[in-house]
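None of the figures in this text is laboratory data; all of them are computed from the coordinates on show. Owing to the predicted nature of the structure, the values given are computational and were not obtained by experimental measurement. Note that each Cβ is placed from the backbone with ideal geometry, even for glycine, and that neighbours are counted across all protein chains shown.
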2 protein chains.
Amino acid sequence: MTLKTKRAENYPAWYQCVVSEADMAENSVSPGCMVIKPWGYGIWERIRDLMDEEFRETDHENAYFPMFIPISFFRKEAEHVEGFAKEMAVVTHSKLTQKDGTLQPDGELDEPLIVRPTSETIIADSFSKWVKSYRDLPVLINQWANVVRWEMRPRLFLRTREFLWQEGHTAHSSALEAEIETKRMLEVYRKTSEEFLAMPVIEGVKPEYDKFPGAVDTYCIEAMMQDGKALQAGTSHFLGQNFAKSANISFINKENKPEFAYTTSWGVSTRLIGGVIMTHADDEGMVVPPRIAPYQVVIVPVIKKAEDEDKVMAYINAIASELKQKKPFGEKIRIKVDKRAKQSVDKFWEWTRKGAPIICEIGPRDVENQGLMLKNRLTLGQKELLSKQDFLDSIEQRLENNQRQMFNKAKARMDLNIRKDIQTPEAFKAYFGESNEWIEDGKTGKVAFVRGKWNGKSETEEILKSLKISIRCIPFDQSGSKGKCLLTGEDATLDVIYARSY
Amino acid sequence: MTLKTKRAENYPAWYQCVVSEADMAENSVSPGCMVIKPWGYGIWERIRDLMDEEFRETDHENAYFPMFIPISFFRKEAEHVEGFAKEMAVVTHSKLTQKDGTLQPDGELDEPLIVRPTSETIIADSFSKWVKSYRDLPVLINQWANVVRWEMRPRLFLRTREFLWQEGHTAHSSALEAEIETKRMLEVYRKTSEEFLAMPVIEGVKPEYDKFPGAVDTYCIEAMMQDGKALQAGTSHFLGQNFAKSANISFINKENKPEFAYTTSWGVSTRLIGGVIMTHADDEGMVVPPRIAPYQVVIVPVIKKAEDEDKVMAYINAIASELKQKKPFGEKIRIKVDKRAKQSVDKFWEWTRKGAPIICEIGPRDVENQGLMLKNRLTLGQKELLSKQDFLDSIEQRLENNQRQMFNKAKARMDLNIRKDIQTPEAFKAYFGESNEWIEDGKTGKVAFVRGKWNGKSETEEILKSLKISIRCIPFDQSGSKGKCLLTGEDATLDVIYARSY
């Protein structure tokens, strides 16, 4: 029951196929926007809840700010706007009126409103009212919200005009404290990605020319997809005093002098779900890491004769109620008994395509044997018959093992596919000039990321563009060794990650 | 430390004062929109989580649909649009460009987009793709989202241009099943309101002329605020086949014939928070029912000498860790140790104004006595000195008592203030013609709601308007007795609730 399109045949088509067959999302009649269906949204809710806990533990509080930002806020924020101006939804009218036989926009606004592409400007305005003294700092706020960027080539989860995200916004009394915050939240993102999504990442800083508009420094986590392309999975920005100055977030410091605050912002979005798909899915469909699976265990009754139904359902309900006491990852387990009036084999394949970690099939014979049939999404094709007690005793460990195995597999793949032996511009251009091959399951060939030297000059962006690649980040772990810039051949010491990207 | 404006002096000004002093929300630079601050947003998150659990238990699943709805969807939905057309935000452009020396909207859209005022039309479009056979029904979806209605007289929580809400949307194979669903969700709203918000409500159906645009029946819960006005706290609509026909949600029924589905929709919003304020707050500020309090117990260290700090904090931390094991209402308790560098008395009043249910003050003498000082928001002014053990043993019950007392008090007030003895149009007009007085704390006088007869005719709406009142609902509990319509004096059997309202 593999998917119509195989991963190796046509990666982008395979991706769409996984999203559709796993019933996670679909394109909407609203151009460029997506409908996030229950299974996809359930994954997002899990990510949200896990991250929310991390934010709370680092003393952040949730709040909510207006999604409409007056255009004047963008007019005064020249540098910031430069990065977003090409892709913003603008509200210009406030009602509809019947005109010329059809409904038309009416009630033109005095000042057009922008649907937030990100909320630095409007949140800074609130901060300017909240902060008077160093005693009011730090302000540590997070917002879960929808945002809009007018993407011209939308793609489910990866790039849609409207998407869901969290955006953290903080203000501090010193640059040092704000920088520490920026990196602390990047660490939360690394943890989220690696421990919850089982998606290994490289942490680093963006090149100067690729920073968030208005930031002093942009830190990021970069993941490797199964086609060897990079996905920027999260960013954390140290904004210095830039936004504080234009919004006038000033405070009286301990020396009794006025000073502008130091701010940060950081965000991840529903794009992470695209990353999870492209890290873990296979030719049978989606594979969801147990920590973010809406259901970790799905029980499918296998009932062929009506007279077996009561017996089987009673047995399943008994198992389900014992199962509910289990706490994989120290959390309440999430289970589903699929009672729908469909063939059990169809249900099995449906949950397989959705990527539920563990599927149990239970029929009359299992009731007699006090057992069940277990299928693990990571080892499809291997059925396991086991006793009810063995199942209950092992389920936590099975889920935890799945999570670990998924991370280890993705990590091994990433490590294997970061090429470090390319030393000259010629070799580099030859490499990215050709289609780069993929290593997995013991096969060898060319690889997907190149880790090598860069001279640190923004002008090299043109060379990158001509090769259709980018510098994903300057990783935190620098060797400090001297070498040649892979773009120009000049002396260079910076190690960077070069890759194609989403 | 009472508020600047007293409830009895100026109710609307008192309301604004509570919202501001409890630090729940503030007006935004974005016209008519609000900033929901952490304490207000925390209350919303609690309401959301409690309701979400109810939705799950009734087999609903969360999903997310685009916030932009093409104008053509409204053009084909004439009746529906009539109710919303005057208040919709319209997106007409997709970028900003530097023109005439300033940023201007550019990239005009081929088709204007409406920011959802509610999502019936766009969700029905998805349902039309999801539903083919009776086997695909019911579809039971809920969405947590922001929506926009272009209010001209905005008021924090009660009426803002953007607000947060949940909207349920379901499709069924029979009218009966859809009607049952409509009422089941009204019951969830009643439970939410009464058990979680401690806000008693009257359940009923809206008069024909006051239904949701496009609905066959609109059911509602109506609460009574402390100024005697009614607040519509939630609505649940049976939509019949109206939306199914225009969106073509059709299915093959069991008789193998095509049929249009029967749909419902239902919603509550951040307006509920306005209701909670106007039901429970007093002249000291907000009073939050424990079930929805972001923190149920706040511990304020009282440290005057630096040398006491370690000792007091060690004692507090020990209490906090024991306290965390407690489960009021069967849920994890929510506590806060307020370590900020502020005077303890200021902290006490801050948490009082925010309406935290229980505040504990702990200083060096309490460490010696192995005790603490407890202050209950419902009995301000009464301090209670008790031992640590008594505190730990009683905290669950104290919180549960507070919740119950808050509901009982509000219920008694509502019951006392529904006048049932007005029998003639003359008495009725005299009553609503004068300012109506309020009964509480044993005082007597006129009351706020009138329960009496109505002839059921839409034309009477004009009389209601002239009295600045409305029929809040036709309550489910009908007496069936005969009497005279309070508007016209005609024979009538319907009992209705007449009131002023928000």
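Sort region B:11-280 into rounded, prolate or oblate with this rule: let a ≥ b ≥ c be the square roots of the eigenvalues of the Cα gyration tensor; rounded if a/c is under 1.5, and if a/c is not under 1.5, prolate when a/b is larger than b/c, oblate otherwise. Mind showing how you got there, number by number?
Working: a/c = 1.99, a/b = 1.14, b/c = 1.75.
Note, shape of region B:11-280 comes out oblate.
How much FRET efficiency would the formula 1/(1 + (r/R0)^6) give for residue A:135 and residue B:177, where r is the Cβ-Cβ distance and R0 is 56 Å, rounded to 0.05? Walk me through the numbers on the way to the answer.
Working: r = 59 Å, r/R0 = 1.05.
The value I calculate is 0.45.
Taking a quarter of the surface of the Cα convex hull of region A:370-429, what do you get in nm²? It would help to have the intermediate numbers written out before the result.
Numbers: hull surface 23.1 nm².
The directionally averaged projection comes out at 5.8 nm².
So in the protein assembly as shown, what percent of DSSP beta bridges are antiparallel if you round to the nearest 5? If you can, show how the numbers build up before the last one.
Working: 156 of 184 bridges.
Of those bridges, close to 85 percent are antiparallel.
For chain B, count all C-alpha to C-alpha pairs, find those more than 39 Å apart, and express that count as a whole percent of the total. Provide the component values of the computation, followed by the final result.
Numbers: 42679 of 125751 pairs.
When all Cα pairs of chain B are counted, 34 percent exceed 39 Å.
May I ask you to list the trypsin sites (Lys or Arg not before Pro) in region B:325-382 that are in a DSSP loop and have at most 14 other Cβ atoms within 10 Å of their Cβ? Please list the in-between numbers first.
Values: sites: B:326, B:332, B:334, B:336, B:339, B:340, B:342, B:347, B:353, B:354, B:365, B:375, B:377; in loops: B:326, B:332, B:334, B:339, B:340, B:342.
Sites meeting the loop and neighbour criteria: B:332, B:339, B:340, B:342.
7 Å along Cα→Cβ for the label point: how many nanometres lie between residue B:400 and each equivalent label in the other copies, listed shortest first?
3.4
Once you have the alpha carbon radius of gyration of region B:105-160, what is it after dividing by 2.2 N^0.38 Å, with N set to its residue count? Walk me through the intermediate numbers first.
Values: Rg = 16.5 Å, N = 56, 2.2 N^0.38 = 10.2 Å.
Computed over Cα atoms of region B:105-160, the ratio equals 1.63.
With only alpha-carbon atoms counted, please give the Rg and Dmax of region B:38-77, in Å.
15.6, 42
Could you work out the mean count of beta carbons from other protein chains within 10 Å of each residue's beta carbon in A:31-43? Walk me through the numbers on the way to the answer.
Details: counts 8, 3, 7, 3, 10, 6, 7, 9, 2, 2, 7, 3, 0.
Average neighbour count from other chains, rounded to a whole number: 5.
Report, in debye and to the nearest 20, how large the dipole of chain A comes out about its Cα centre when Lys and Arg carry +1 and Asp and Glu carry -1 on their Cβ. It would help to have the intermediate numbers written out before the result.
Details: 72 positive and 75 negative charges, 158 e Å.
Value, rounded to 20: 760 debye.
Between beta-carbons, use under 14 Å as the cut-off and find the net charge around residue A:175, counting Lys and Arg +1, Asp and Glu -1.
My count for the surroundings of residue A:175 gives -3.
If I take R0 = 30 Å and measure r between the Cβ atoms of residue A:490 and residue B:102 in this structure, what FRET efficiency does the formula 1/(1 + (r/R0)^6) give, to the nearest 0.05?
0.10
Quick one: Kirkwood hydrodynamic radius for region A:4-63, alpha-carbon pairs, angstrom, one decimal? Present the calculation step by step, with values, prior to reporting the outcome.
Values: mean 1/r = 0.0725 Å⁻¹.
Taking the inverse mean of 1/r over all distinct Cα pairs, region A:4-63 comes out at 13.8 Å.
Taking the Cβ of residue B:101 as the centre, find all other residues whose Cβ is under 14 Å away and add up their charges (Lys, Arg: +1; Asp, Glu: -1).
Details: positive: A:75, A:76, B:99; negative: B:100.
Taking every Cβ under 14 Å from that of residue B:101, the sum is +2.
What GluC sites (Glu not before Pro) does region A:208-292 have in DSSP loop regions with at most 11 other beta carbons within 10 Å? Don't skip to the end; give the middle numbers.
Numbers: sites: A:208, A:222, A:255, A:259, A:284; in loops: A:255, A:284.
When the GluC sites (Glu not before Pro) of region A:208-292 are filtered for loop state and at most 11 Cβ neighbours within 10 Å, A:255 remain.
Using the basic label-point model (7 angstrom from Cα toward the beta carbon), what is the residue B:340 to residue B:9 distance in nanometres?
Once both label points are built, they end up 2.5 nm from each other.
If each of residue A:110 and residue B:53 carries a label point 7 Å out from its Cα toward its Cβ, how far apart are those two points in nm?
So the two model labels end up 4.7 nm from each other.
Pairwise over distinct Cα atoms, reciprocal of the mean inverse distance: report the Kirkwood radius of region B:238-277 in Å, one decimal place. Intermediate results must be reported in sequence, preceding the final value.
Values: mean 1/r = 0.0809 Å⁻¹.
This gives a value of 12.4 Å.
Which far-off residues, 5 or more places away or on another chain, put their amide H under 5 Å from the one on residue B:473, with H placed in the peptide plane?
B:497
Calculate how many DSSP beta bridges within chain A are antiparallel, expressed in % of all such bridges and rounded to the nearest 5.
Numbers: 75 of 89 bridges.
DSSP beta bridges in chain A are roughly 85 percent antiparallel.
Aspartates and glutamates within cross-link reach of residue B:482: Cα-Cα under 17 Å, excluding same-chain residues under 8 positions apart?
B:421, B:490, B:491, B:495
Would you calculate, for the protein assembly as shown, the mean residue ellipticity at 222 nm contributed by helices, counting each DSSP H stretch of 4 or more residues as -39,500 (n - 2.57) and dividing by all residues, to the nearest 500?
On the way: 28 runs with 322 residues, N = 1004.
Rounded to the nearest 500, it is -10000 deg cm²/dmol.
How much of the DSSP bridge set in region A:290-399 is antiparallel, in percent, rounded to the nearest 5? Spell out each step's value before the answer.
On the way: 9 of 17 bridges.
Expressed as a percentage, antiparallel bridges in region A:290-399 total about 55.
For the pairs A:342/B:257; A:383/B:254; A:336/B:327; B:211/B:429; B:37/B:465; A:6/B:245, flag any whose C-alpha to C-alpha distance is greater than 32 Å. All intermediate terms of the calculation are to be shown ahead of the outcome.
Working: A:342/B:257 20 Å; A:383/B:254 36 Å; A:336/B:327 26 Å; B:211/B:429 25 Å; B:37/B:465 36 Å; A:6/B:245 39 Å.
Beyond 32 Å: A:383/B:254; B:37/B:465; A:6/B:245.
Over all alpha-carbon pairs in region B:1-156, figure out the percentage whose distance exceeds 29 Å. Let's see the in-between values first.
On the way: 5077 of 12090 pairs.
Looking at region B:1-156, the distances longer than 29 Å represent 42 percent of pairs.
Can you give the net charge of the other residues whose Cβ lies under 15 Å from the Cβ of residue B:305, counting K and R as +1 and D and E as -1?
Once all neighbours under 15 Å are counted, the net charge is -3.
Using a 10 Å cut-off around each Cβ of peptide A:104-111, what is the average number of partner chain Cβ atoms that fall inside?
Details: counts 4, 9, 4, 6, 2, 4, 1, 1.
Other-chain Cβ atoms within 10 Å of each residue's Cβ, averaged: 4.
From the Cα trace of region B:295-398, what convex hull volume per residue do you get, rounded to a whole Å³?
Details: hull volume 9.7 nm³, N = 104.
In region B:295-398, the Cα convex hull volume per residue is 93 Å³.
Taking a cut-off of 25 Å, what percent of all Cα-Cα pairs in region B:212-309 are separated by more than that?
On the way: 2499 of 4753 pairs.
Counting every Cα pair in region B:212-309, those more than 25 Å apart make up 53 percent.
For region A:304-462, what class follows from the C-alpha gyration tensor (a ≥ b ≥ c being the square roots of its eigenvalues): rounded when a/c is under 1.5, otherwise prolate if a/b is larger than b/c, else oblate?
Details: a/c = 3.57, a/b = 2.94, b/c = 1.21.
Since a/c reaches 1.5 and a/b is larger than b/c, the shape of region A:304-462 is classed as prolate.
Roughly how large, in nm² to one decimal, is the mean projection of the convex hull of the alpha-carbon atoms in the protein assembly as shown?
Working: hull surface 186.1 nm².
Directional mean of the projected Cα hull area for the protein assembly as shown stands at 46.5 nm².
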